[in-house]
Amino acid sequence: MSSPAVTLIPPMGGDFAQSVAGAGDINGDGYGDVLAASVSVGLAYVYLGGSSGLSASPAATLMDPTPTSTVSDDFGVVVTGVGDVNGDGLADVTVSVPAATTGGRVYLYLGNMTGLGSVPAASLGPPGANGDSFGSSVANVGPTRSSTGLVRSRTVSP
């Protein structure tokens, strides 16, 4: 049995890596990057790839930007590499909060030369009054000229 090339280290405990996704090349260095979330502590971590492989420590930590959110809102339950949404040549990612008190949110973070910013470029919400867990699934349905995403809501009976 061979040993792993790298073991990812979360800065905080919790249910680390409940949600994991290939992020694409978010910083333009030619290497793939990874997103992993610890949903029970409400954090998502960005691990950058490089010539020697994936970094064991996160380059960035993302947290729910909504000041009224709680850990029980499930920030990071879905993390997704969505391709190059804004056409700048760098991969972008989404982090979902399907249990948010607003019915669910999907936050879009844009790649940049240093990785990802800690502030989302966009916050997507349900089109109606109740999103019924909006963002419980997110997928990149590209490739297109710029990536196209698909967001799912679960139907919740009253």
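Tabulated data for the structure shown
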| item | result |
| --- | --- |
| Sole exception among (1) modelled with pLDDT of 85 or more; (2) outside any strand (DSSP E or B) for GLY81, by number | (2) |
| Pair list, Cβ under 6 Å, 6 or more apart: region 99-122 residue more than 20 Å from PRO58 (Cβ to Cβ) and modelled with pLDDT under 85, other residue of a type in the set (A, V, I, L, M, F, W, C) and not in a strand (DSSP E or B) | GLY103/PHE134; GLY104/PHE134 |
| Residue check, LEU35 at pLDDT 90 or above, over 26 Å from PHE134 (Cβ atoms) and crowded, with 21+ Cβ neighbours inside 10 Å | no |
| Unmet criterion (only one of (1) open to solvent by less than 50 Å² (accessible area, probe 1.4 Å); (2) in contact with a strand residue (DSSP E or B) (Cβ under 9 Å, 6 or more places away or on another chain); (3) modelled with pLDDT of 90 or more) for GLY50 | (2) |
| Search result, residues across region 17-68 that are on the phi > 0 side of the Ramachandran plot and either outside any strand (DSSP E or B) or in contact with a helix residue (DSSP H, G or I) (Cβ under 7 Å, 6 or more places away or on another chain) (or both) | GLY28, GLY30, GLY42 |
| Count of residues meeting criterion [farther than 23 Å from VAL20 by Cβ and modelled with pLDDT under 75] in region 123-158 | 13 |
| All positions within region 75-98 that are under 11 Å from SER137 (Cα atoms), open to solvent by 20 Å² or more (accessible area, probe 1.4 Å) and touching a residue at least 60 places away in the same chain (Cβ under 8 Å) | VAL78 |
| Region 7-32, subset more than 14 Å from ASN112 (Cα to Cα) and among the β-branched types (Val, Ile, Thr), residue modelled with the lowest pLDDT | ILE9 |
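The values are calculated or read from the model by the stated rules, or taken from the named source; none is laboratory data. Keep in mind that this is a model prediction, so the values were computed, not measured. Neighbour counts are summed over all protein chains in view; Cβ atoms, including those assigned to glycine, are modelled from backbone coordinates with ideal geometry. The protein model used for the area step is the full one, side chains on, heavy atoms only, and it has no ligands, DNA or RNA in it. Shrake-Rupley method; radii C 1.70, N 1.55, O 1.52, S 1.80 Å.
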